[in-house]
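Here's the structure we're looking at; comments come further down.
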Amino acid sequence: CRMTRSRTDANVRVIENVKVEELIGSLHDRDIDVVVSPRLPELTLKGARAIRLFGTRKILCVRKDHPEAHNLCLEALVNYPFVCPPDDMGILSDIKSIFSTRGLNFPSSTIISNSISLAKDMVLGSDAFTIVSDISILESKSNSISSLDLSEGTVSWYYLIFRQEYVATEPVKNFVKELIFVCKEWG
């Protein structure tokens, strides 16, 4: 939003796709200039470069008036419905390792969705819980969601991916500059 206000002439097209390989294919086909992704599909990066853009942490989330909000911990929530991403997103293996590191079984009651918005709606409207990156809940955290940092010092990185020969245009440079500004502003 900051970029579109400062660069009204920029042609911005945001494509959200959980299948990073498809976005990388569009990058190689020159349909798009850059990809921002929380994971690197090693096989499809051939001919592209990636740089670390910003780090995120895994956050456990429930609604403020959840029965376990006063005792927020993963152990207390394993018997509640769990809203999680599908396996093909590549994020679920990181989440499963959080359970196994704590010696917990993965919840048997799951709601699988590739939508962060749906996950937040399910958490806000039920006793379900979710684990998302901190950037997914920044705006919701203060007033409606109780959260707990589960990262235990580990950071997951988001990457900026571009073709090897790509020379950044002024709008892309502005996009990265604004993204870094917002990351610093939100901590």
Q: Please list the non-local residues whose amide H lies under 5 Å from the amide H of SER133, H modeled 1.01 Å from N, same-chain partners needing a gap of 5 or more.
A: ILE59
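I'd like to compare 4-11, 71-78: which one has the highest average count of other Cβ atoms within 10 Å, and what's the full order after that?
Details: 4-11: 10.0, 71-78: 15.8.
Taking the mean over residues of other Cβ atoms within 10 Å, the ranking is 71-78, 4-11.
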(Q) Computed from the coordinates I sent, Rg and Dmax of the Cα atoms in Å equals one of (i) 15.4, 49; (ii) 16.1, 58; (iii) 18.0, 53. Tell me the label. (A) (iii)
Q) Looking at the square roots a ≥ b ≥ c of the eigenvalues of the Cα gyration tensor of the range 52-135, which shape do they give, rounded for a/c under 1.5, prolate if a/b is larger than b/c, or oblate? A) rounded
Q: Search the structure for amide H atoms under 5 Å from the amide H of ASN114, placed 1.01 Å from N in the peptide plane, and list their residues when 5 or more places away or on another chain.
A: none
Q: Working with all protein chains in place, sort ILE32, ILE161 by solvent-accessible area computed with a 1.4 Å probe, largest first.
A: ILE32, ILE161
Q) What accessible surface, in Å², does a 1.4 Å probe find on SER144, ignoring ligands, DNA and RNA and rounding to the nearest 10? A) 40
**Q.** the chain - mean residue ellipticity at 222 nm from DSSP helices (-39,500 (n - 2.57) per run, n ≥ 4, rounded to 500)
**A.** -8500 deg cm²/dmol
(Q) For the range 30-81 and the range 102-124, what is the centre-to-centre distance using only Cα atoms, to the nearest Å? (A) 12
**Q.** the range 102-187: chymotrypsin sites (Phe, Trp or Tyr not before Pro) in DSSP coil with no more than 12 other Cβ atoms inside 10 Å
**A.** none
Q) Considering only Cα-Cα distances, which of the following residue pairs are longer than 21 Å: LYS46/LYS184; LYS19/LYS46; LYS120/LYS173; LYS64/LYS184; LYS96/LYS184; LYS19/LYS173? A) LYS46/LYS184; LYS120/LYS173; LYS64/LYS184; LYS96/LYS184; LYS19/LYS173
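The values are calculated or read from the model by the stated rules, or taken from the named source; none is laboratory data. Every value quoted in this text rests on a predicted model; they were computed, and no experiment measured them. Cβ atoms come from the backbone with ideal geometry, glycine included; neighbour counts cover every protein chain shown. To get the accessible areas, we keep the full protein, side chains included, count just its heavy atoms, and leave off ligands, DNA and RNA. Shrake-Rupley method; radii C 1.70, N 1.55, O 1.52, S 1.80 Å.
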